Structure formats: C-alpha cells, structure tokens
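Have a look at the structure below, then the notes.
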Amino acid sequence: MRFRFDLFWRCARGRCPDCGAPGQLHGVATIPDRCGACGLLLRRREGFFLGAMVWNYGLTAFGLLPWLLVLRAYGWVSVGTAVGAAIGIILLVPWLLHGLAWRLWLGTYYGFLPDQLPSAGRPLDD
C-alpha cells in the first residue's frame, strides 16, 4: 500500500478528502461534522479525534517549544521569559492549531487508508 500524498495535500489545504470541495475543513477551533458538498463524515466514532491530538501535541511540543530552548541556550531570553513564553505556547497554541491538526490528521488517515472514502465504495455513515 502506498501513501496517497494527493489526499494528504488536499486535506492540508482545507479541502474535503473525498470530493475535494474547497473550504470544507477551514476553521481555527472547529471542524464541521460532515462535508457540506458530499456528506462525508469528518468526525467519526469516539476516539477518532486522538489522531488530531497527536498532530497538535507534536506540532506544539516538537515544533515550537524547542525554539525556546535554543533561544535560552544562546542567552537571548531570560529564564523567566522562556517559562512565560512556554506557558503561553502551551495554553494558546493547541487551540490555534486545532483546525490544522484535524486537517493533517484527516490527510494522514485517508492518505494511508484511501479505501475508507465513500468514492472507494465505503458507505457515508460510520
């Protein structure tokens, strides 16, 4: 099985993974339950959100927080500033990345499992 980068890129740009309708996945703090164009269920069963949490945590913990360590290592910020910035990042950034994390999660899921899409024969309901 090959990873479908086209589906991943489609989701990352905020398009529906199945029909490619633009603007279906845009939003900062929310993602709609279904695609408005084709009806694809975007928020599936309980536990499906865990993939988005992994993306959100990964982007926050491994994408942003290490920069504070670098800034502190070079002495460009004080310890207090670094701690304050870390607290601010931890509290604010995951909320701001929620929509992006969902888009990346849907792209990852359907990139590895394209046969789960309705266009591949799967029913719309879960």
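Side notes on the structure shown:
- Of all positions in the stretch 52-66, none carries a residue that is in a loop (DSSP other than H, G, I, E, B) and closer than 21 Å to PRO114 by Cβ.
- Checking each residue in the stretch 70-93 for being part of a helix (DSSP H, G or I), among the small types (Gly, Ala, Ser) and more than 24 Å from ASN56 (Cβ to Cβ) picks out ALA73, GLY80.
- Qualifying position, being closer than 18 Å to LEU117 by Cα, without any contact (Cβ under 8 Å) to a residue 12 or more places away in the chain and open to solvent by 50 Å² or more (accessible area, probe 1.4 Å), among ARG43, ARG10, ARG2: ARG2
- Failed item, numbered, when LEU100 is tested on (1) farther than 26 Å from ILE31 by Cα; (2) open to solvent by less than 60 Å² (accessible area, probe 1.4 Å); (3) hydrophobic (A, V, I, L, M, F, W, C): (1)
- Any chance ARG10 is more than 13 Å from ARG103 (Cα to Cα) and among the basic types (Lys, Arg): no
- Residues that are closer than 13 Å to TYR110 by Cα, at pLDDT 85 or above and either of a type in the set (Val, Ile, Thr) or not in a loop (DSSP other than H, G, I, E, B) (or both) occur in the stretch 12-32; there is at least one.
- Where VAL77 falls short, out of the listed (1) of a type in the set (A, V, I, L, M); (2) more than 26 Å from ARG43 (Cβ to Cβ); (3) touching an Asp or Glu at 6+ places or on another chain (Cβ under 6 Å): (3)
- Residues that are of a type in the set (A, V, I, L, M, F, W, C), under 15 Å from GLY14 (Cα atoms) and free of Cβ contacts under 8 Å to residues at least 60 places away in the same chain do not occur anywhere in the stretch 69-91.
- Selected residue (only one of LEU64, LEU50 is surrounded by 14 or more Cβ atoms within 10 Å (Cβ to Cβ) and under 17 Å from the mean Cα position of the chain (by Cα)): LEU64
- Taken over the stretch 14-40, the residue count meeting the criterion of being within 15 Å of the chain's Cα centre (by Cα) and crowded, with 16+ Cβ neighbours inside 10 Å is 7.
- All conditions but one from (1) modelled with pLDDT under 95; (2) exposed (fewer than 13 other Cβ atoms within 10 Å of the Cβ) apply to TRP76; the one that does not is (1).
The values are calculated or read from the model by the stated rules, or taken from the named source; none is laboratory data. Here the structure is a predicted model, which means the values were calculated and not measured. Here Cβ is always computed from backbone atoms with ideal geometry, including for glycine, and neighbour counts include all displayed protein chains. Calculation scope for accessible area: heavy atoms of the full protein, side chains included, ligands and nucleic acids excluded. Shrake-Rupley method; radii C 1.70, N 1.55, O 1.52, S 1.80 Å.
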